[in-house]
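Q: I'd like to ask you about the structure that follows.
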Amino acid sequence: MKPSRHARNNMRLYGISEKEITDAIEFPDFIERKGMKVTVHKKIPNRFSGYPLKVVYEERDEIFVITTYPLKKAYRR
């Protein structure tokens, strides 16, 4: 997994670990594909006030994480 500079900044800002991102990618609660971009949401127990973590990435030679942040509202299913 290779995070973009924007994703790394958000990881620092929100205290998101690489393991949380990896878990969201491997075991998503919600997934949406648009072209090369994949968006996943994952609820992580006792984190982000109960709201899910959002990860947007592209599958290249390796997974390139474009952005990640906790949602401020519940996601749609």
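Q: Quick one: residue 33 ticks every box in (1) at pLDDT 95 or above; (2) assigned to a loop (DSSP other than H, G, I, E, B) bar one, so which box is it?
A: Failing condition for residue 33: (2).
Q: Among (1) over 18 Å from residue 3 (Cα atoms); (2) of a type in the set (A, V, I, L, M); (3) exposed (fewer than 12 other Cβ atoms within 10 Å of the Cβ), where does residue 36 come up short?
A: (1)
Q: Tally up the residues in the range 51-68 that are crowded, with 19+ Cβ neighbours inside 10 Å and more than 14 Å from residue 11 (Cβ to Cβ), please.
A: 1
Q: Report, by residue number, each residue of the range 1-15 that is in a helix (DSSP H, G or I) and of a type outside the set (S, T, N, Q). Even if it seems obvious, please write down each step before you answer.
A: First, pick out the residues of the range 1-15 that are in a helix (DSSP H, G or I): 5-14.
Those that are in a helix (DSSP H, G or I) and of a type outside the set (S, T, N, Q): 5, 6, 7, 8, 11, 12, 13, 14.
Q: Please name all residue pairs, on different chains or six or more residues apart, with Cβ atoms under 8 Å, provided the first residue is in the range 39-65 and is β-branched (Val, Ile, Thr) and the second residue is buried (at least 16 other Cβ atoms within 10 Å of the Cβ) and assigned to a loop (DSSP other than H, G, I, E, B).
A: What qualifies is 40/28; 44/52; 65/4.
Q: Moving to a separate point now. Please work out if residue 19 is out of contact with any strand residue (DSSP E or B) (no Cβ under 9 Å at 6 or more places or on another chain) and assigned to a loop (DSSP other than H, G, I, E, B). Full working, then the answer.
A: Numbers: out of contact with any strand residue (DSSP E or B) (no Cβ under 9 Å at 6 or more places or on another chain): yes; assigned to a loop (DSSP other than H, G, I, E, B): no.
Against the criterion (out of contact with any strand residue (DSSP E or B) (no Cβ under 9 Å at 6 or more places or on another chain) and assigned to a loop (DSSP other than H, G, I, E, B)), residue 19 does not qualify.
The values are calculated or read from the model by the stated rules, or taken from the named source; none is laboratory data. In this text, all values refer to a predicted model and were calculated from it rather than measured experimentally. Because the Cβ atoms are built from the backbone with ideal geometry, glycine has one as well, and the counts that use them run over all protein chains shown.
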